[in-house]
């Protein structure tokens, strides 16, 4: 696992698959991967989430930061539900609660990373990037460092490339950063955060400013000097 | 990991998610899970495979053996290809070759198990069944015991249920059985193998009898006394 981007810039031909949700974290991760010289292949999911505006945001970001390819992959996780993001369950707007929130989507990052792994192996990429971080963790089990390490180990047992010694690395460069630090890093890399969308429950593309994702984002932007909070 | 079905029959209300491809292995696994008293939720995938007849076989098997629910989940792995089963690459018909065959689909079992995990967590199932085995392994890295163990460990780090101590078990009851032993077990449990479909490259629903999957199947049925090879 590569938690922080300590590695030297790579030759331009190294391919990476970057999970791109359309939120500020994954936009920052894409900018980091680009800054390290990776030839980026972005992967977004239509997974039955309520807010399709995420996909539009992802497309704008991919175009702005620059990717070789951007795949939007459809997987209907609402087929079994189990989350406020895929079911008809109310998104909480009364501040952060204890424990794992109802916005948790069962096995979501495992599903996303497994598709990213298949895509990566098929195109000859050996680096995967995911924007999990300690703040966005909010109790999500699949946003922890030990989870990312376990997925990387699995990836190298699961694949032809892995067992042949051409190992996969799962990069989570935001894992130990605060939201403020993430924004500062993205601004330094030229990310236009007005393109990103974080809200769990937007209305006509506008953020609610009440859900956990909005609260975290708004508080972070309020703390960062000189950056106007234009996005949702 | 539960390799062989040594556990005692459970109360009828225990739910399990069973990966059901339509082939003889997964049909046998479903029969084993049913014989152990599990309330079975079968999960099949339309993943851009050439042979949609697999799905029809899965539906017949699910109905025959008996499931509470059978979900057919669409994921288009042909979006990135990388396999003779999703691409326009010829399926080999000259006998088994060395190494990992071109019918390997990048990260397929990881993708299938991750969706099964999400489905299981959403419906309150804690048992997953998959029909990997040593013979069908044929060099596939994601059909090995150590891979199944790693996935189970990941499942218990990745999920709300797992971190709360309500652990998942990944059952691979065929892992160490030969094809002949699998068929004998299925016959003892009343599986009608004429409903199953194993061929990698069927034509109008008829098996080619030349691909690796047909060769393994045909040889096994030839060895099992008293069982007519009617299926494909």
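The values are calculated or read from the model by the stated rules, or taken from the named source; none is laboratory data. Bear in mind that the values here come from a model prediction, so they are computed numbers and not experimental data. For neighbour counting, all protein chains shown are included, and Cβ atoms are generated from backbone atoms with ideal geometry for every residue, glycine included.
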For segment A:153-169, check the following and say yes or no: at least one residue is farther than 22 Å from residue B:47 by Cβ and away from every other protein chain (no Cβ under 14 Å). yes
Restricting attention to segment B:115-143, which residues are surrounded by fewer than 20 Cβ atoms within 10 Å (Cβ to Cβ) and free of Cβ contacts under 8 Å to residues at least 40 places away in the same chain? B:137
Residues being within 14 Å of another protein chain (Cβ to nearest Cβ) and either over 19 Å from residue A:116 (Cβ atoms) or free of Cβ contacts under 8 Å to residues at least 40 places away in the same chain (or both): count how many of those fall in segment A:29-65. 5
For segment A:40-49, indicate whether the set of residues that are touching a strand residue (DSSP E or B) at 6+ places or on another chain (Cβ under 7 Å), within 20 Å of residue A:103 (Cβ to Cβ) and part of a helix (DSSP H, G or I) is non-empty. no
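So that you can scan it fast, the table gives a plain yes or no per residue for (1) at pLDDT 95 or above; (2) more than 10 Å from chain B (Cβ to nearest Cβ):
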position	(1), (2)
A:67	yes, yes
A:70	yes, yes
A:74	no, no
A:82	no, no
A:97	no, yes
A:103	no, yes
A:131	yes, yes
A:140	no, no
A:151	yes, no
